[in-house]
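The values are calculated or read from the model by the stated rules, or taken from the named source; none is laboratory data. All figures in this text were calculated on a predicted structure; none of them were measured in a lab. With ideal geometry, Cβ positions are generated from the backbone for all residues, glycine too; neighbour counts draw on all protein chains shown.
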Amino acid sequence: MNAIVSVTRDWGIGLEGGLAVANRSDMRRFVQLTCGGRRPKDAGPDEVLGTVVMGRKTFESFPGGALKARRNVVVTRDATYAAPGAEVAHGLDEALALVAGDDPDTVWLIGGESLYRQLLPQCQRVYVTKNDVVVPVDATFPNLDDDPAWQVESCEPGGVTDEGVRFDYVTYVRAR
């Protein structure tokens, strides 16, 4: 499994259920990576291009519901929760069992904070968009630069957001 996340300079990821930084380039990269390099609209009606694993609040933050052309797995403790267009897991073990048969390179952990912290040890790579800004946040991602279990595999210049925020794409790989 891989993780994908957009962070601020101090590893903030969100505020009140929204992203910390609006970044259209990051969103396009998110779609490209989680769909295996294809566009969802080019997929057949029942074709699945990848699997995304997320918490309930992350799922509910998507204005259009389940992400198209991807298998959506939503993790929640709520035994009565229904997620239209998604599979619901009622714990980490159940979520991991649901994706156990998938190619690990096509499974993406996409948030939120609690799920990132719990499932990060299951990930082999983390694709990070680092936005060079500090803004108020109430959700953070673990600082991989300070964690000896992770090392930088690659760093690519990203660009500048519409709001003038510089960003880079950094890929981390599990060191041990």
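Descriptive notes on the structure:
- Residue in the range 140-154 that is surrounded by the most Cβ atoms within 10 Å (Cβ to Cβ), counting only those that are in contact with a helix residue (DSSP H, G or I) (Cβ under 7 Å, 6 or more places away or on another chain) and closer than 19 Å to residue 21 by Cα: 141
- With respect to (1) farther than 25 Å from residue 158 by Cα; (2) of a type in the set (A, V, I, L, M); (3) modelled with pLDDT of 95 or more, the lone exception for residue 4 is condition (1).
- Any hit, the range 60-81, residues being of a type in the set (A, V, I, L, M) and loosely packed, with under 15 Cβ neighbours inside 10 Å: yes
- Residues considered: 28, 24. Of these, the only one that is closer than 28 Å to residue 168 by Cβ and without any contact (Cβ under 8 Å) to a residue 40 or more places away in the chain is 28.
- Counted residues, the range 93-119 - those being surrounded by 20 or more Cβ atoms within 10 Å (Cβ to Cβ) and touching a Pro at 6+ places or on another chain (Cβ under 9 Å): 1
- Hits in the range 72-83 - residues which are without any contact (Cβ under 8 Å) to a residue 40 or more places away in the chain and either β-branched (Val, Ile, Thr) or farther than 16 Å from residue 4 by Cα (or both): 73, 74, 76, 77, 78, 79, 80, 81, 82, 83
- Of the residues making up the range 24-50, those that are of a type in the set (Gly, Ala, Ser) and either touching a helix residue (DSSP H, G or I) at 6+ places or on another chain (Cβ under 9 Å) or in a loop (DSSP other than H, G, I, E, B) (or both) are 36, 37, 43, 44, 50.
- Per the listing 34, 51, the residue uniquely at pLDDT 95 or above, touching an Asp or Glu at 6+ places or on another chain (Cβ under 8 Å) and among the hydroxyl-bearing types (Ser, Thr, Tyr) is 51.
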